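Okay, structure first, notes after.
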Amino acid sequence: MLKRVVAVLAALIVCMSFTGCAKKETKSVSFFAMDTFITISVTGDDAKATLDWAKNLVETNEQKWSATLPDSLISRLNAGEKITPDADTARILERAAQMRDYTLGAFEPAVYPLVRAWGFTTGEYRIPSDSEIEELLGQVLKDSVRRDGGQTYLAGGMIDLGGIAKGMTGDMLLAGFRERGVASALINLGGNVQALGAKPDGSAWKIGIQSPYDDSVIGVVSIKNKCVITSGAYERYFLGEDGQVYGHIISPFTGRPVSNGVVSVSVIADEGAEADALSTALFVMGEHEALDFWRTHEGFDVILLTDSGTLYVTEGIWKDFTERSSLAVKQVCEIKR
Ligand code: AMP
Ligand code: MG
């Protein structure tokens, strides 16, 4: 009798593990959206349906939050319309405002008039005159988002969620994956990498930090359930007639593309929206201010590369970071609190 029970139990366990295996699969999808190349891979039941949902979510968010698509909610706000935001749009507007306050204005969605004037929205790059910059800085209106019942409008100026939309979308993707019972997933939205859980074999994800100068990586970060989000001028820039290189992150304080010796900033954190906004903000702050900001704020780590080849790695991520030989890096420093 006992033998029979054991045999039945064993058969049941084998059967259960087989049905489990048969359904769990790893699938990936790659596509272009949000102005960037996107790859998403998930391991779970019905991975194909999950990926279809994911692609659709990215495209929907782009339709709503792009500042360059003329019918997006953001474009309509920028055109002076009152909109009725859906819950996700209300949330990203709220989060963007919080991150602006948290970074004391280094992350500033209202910098959009300058992003546009320098040609980063169209690719028709130009160097605005000092007086134009001065005038447009007057249109960078902190706190211009207003609510009126269920409606939202701008009291003036224009906004751009380009520095936070990919991170927020990543958070929504991972939340949806969790709800669908996915235990392992990796999304890469043009250098914004967000991981759900560990790799299917249980080991940590290895995320390469790209060199700003070529296709090599300057180092690898091992993460589980975290994101690694990088901002760098090398992602979009132009060479001015004056011979200078101008990148797409604009200082809300000067109205000019940031040029402070920082070439790339990666933020490692739990939440994508926070890491995305922070990577943009720390890039604006510059090496010393950015590291001071890290020292005085909790909940994230930083990998920051300067144009003189110093790579700063904060202590929380130090043991999970492995340097790769690269022309971009001359020395690596651990930063402690
Ligand atoms: P990221 O790649 O996340 O650093 O975001 C850069 C994008 O955010 C730019 O292409 C602009 O659309 C927008 N942006 C530029 N400068 C700022 C800034 N200081 N604060 C917030 N968003 C910005
Ligand atoms: Mg960002």
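So here's what we get for this one:
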quantity: Among 222-231, 196-205, 250-259, the order from most to least packed when residues are scored by Cβ within 10 Å on average; calculated: 222-231, 250-259, 196-205
quantity: Positive-end residue of G219, L196, V245, charge dipole of the chain with Cβ unit charges; calculated: L196
quantity: Extension reserve of the E134-R76 stretch, reckoned as 0.36 nm per residue once the Cα distance is removed; calculated: 18.4 nm
quantity: Most positive-pole-ward Cα, Y125, Q139, I38, against dipole of segment 34-160 from beta carbon charges; calculated: Q139
quantity: Descending semi-axes in Å of segment 158-278, equivalent ellipsoid built from Cα gyration tensor; calculated: 30, 17, 10
quantity: Filter on K55/K142; K55/K199; K27/K82 - keep pairs with C-alpha separation over 30 Å; calculated: K55/K142; K27/K82
quantity: Ellipticity estimate at 222 nm from DSSP helix runs (n ≥ 4, -39,500 (n - 2.57)) divided over the chain, nearest 500; calculated: -11000 deg cm²/dmol
quantity: Residue (of T254, V265, W205) at the positive-pole extreme of segment 202-314, dipole from beta-carbon charges; calculated: W205
quantity: Crossing angle, helix 47-65 versus the chain [Cα axis fit, 0-90 degrees, rounded to tens]; calculated: 10
quantity: Linear extension gain, H297 paired with K330, 0.36 nm per residue minus alpha-carbon span; calculated: 9.1 nm
quantity: Inverse mean reciprocal Cα-Cα distance (Kirkwood Rh) of the chain, Å; calculated: 21.4
quantity: Size-normalised alpha-carbon gyration radius of segment 136-187, reference 2.2 N^0.38 Å; calculated: 1.70
quantity: Contact order normalised by residue count of segment 65-118, Cα under 8 Å, 6+ apart, percent; calculated: 16
quantity: Relative contact order [Cα under 8 Å, 6+ residues apart], the chain, whole percent; calculated: 15
quantity: Neighbour count of at most 14 Cβ within 10 Å plus DSSP loop: longest GluC sites (Glu not before Pro)-free window in the chain; calculated: 125-240
quantity: P(r) weight above 15 Å for segment 75-162, C-alpha pairs, percent; calculated: 61
quantity: Heavy-atom accessible area per residue - the chain, 1.4 Å, Å²; calculated: 48
quantity: Spatially proximal aspartates and glutamates relative to K226 (Cα-Cα < 18 Å; intrachain offsets below 8 disregarded); calculated: D171, E179, D201, D270, E271, E274, D276, E298, D301, E315, D320
quantity: Label-point separation, S28 to L141 (7 Å along Cα→Cβ), nm; calculated: 4.6
quantity: Kirkwood Rh and Cα Rg combined as Rg/Rh, segment 128-216; calculated: 1.16
quantity: Cα centre as origin, Lys/Arg/Asp/Glu Cβ charges: the chain dipole, Debye; calculated: 1600
quantity: With every protein chain in place, the chain: carbon and sulfur % of accessible area (1.4 Å); calculated: 53
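The values are calculated or read from the model by the stated rules, or taken from the named source; none is laboratory data. Only a predicted model underlies this, so the values are computations on that prediction, with no experimental measurement involved. Note that we place each Cβ from the backbone using ideal geometry, even for glycine, and neighbour counts take in every protein chain shown. Accessible surface is based on the protein model in full, side chains and every heavy atom, while ligands, DNA and RNA are left aside. Shrake-Rupley method; radii C 1.70, N 1.55, O 1.52, S 1.80 Å.
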